[in-house]
Amino acid sequence: MTAKEYLRQLHILDIKIQRLRVEYEDLACRTGALSEIRGIENEVGEVVSKADKIGRRLAKRSGEYNARREKIVRKILDLEDPRYSEILLLRYVDGKRLEDIACIMRKTNGAPYSYEHILHLHGQALQEFEKKYLKPDSVTFHTLTIWELILPFSGTLPKSTEPRSLRVICL
């Protein structure tokens, strides 16, 4: 998973929550309209039951969102360069566009950053975030014998039958 994909989790969860809210509000309106019509109590009961299920899903997703948001914000704020933290917070937590971030952020002398500079800093911030939080998990070590390394390429065993091992890093 890249840093962008990891940080975009908030946006994806937010979209899912918004969809559930719309569906919940739609069902609430239908319940109100149906309750005024006599003789369709079963249909009203089904709509209320469906709205209750969606309400529980909405509460669960909102809890997930809050927990994930807190975790992501904590990681972003832990970056060394405060400019990186500010860019990532504005982009992935507040949902600002990079063009807007260029207008919001200021250099120490008070001058705004150019859009190109923000693009560059954003890329550096993503690299730093990925290096600090995501890359160590993706590196695996394998210990292979010399035969396992040579055989696929040559098709023959080495003359020495003495087993030797190499440590190989797979990215």
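Taken together, the values in this text are just the output of simple stated rules run on the coordinates, not laboratory data. A quick note: this is a predicted structure, and the numbers were derived from the prediction, not measured. Cβ placement follows ideal geometry from the backbone for every residue including glycine, while neighbour counts extend to all protein chains displayed.
In table form, for the structure just shown:
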| read-out | value |
| --- | --- |
| Proximal lysines relative to LYS4, as straight alpha-carbon distance under 18 Å, when same-chain residues fewer than 8 apart are discounted | LYS71, LYS75, LYS96, LYS131, LYS132, LYS135 |
| Burial order of peptide ranges 102-109, 89-96 (average beta-carbon count within 10 Å, highest first) | 89-96, 102-109 |
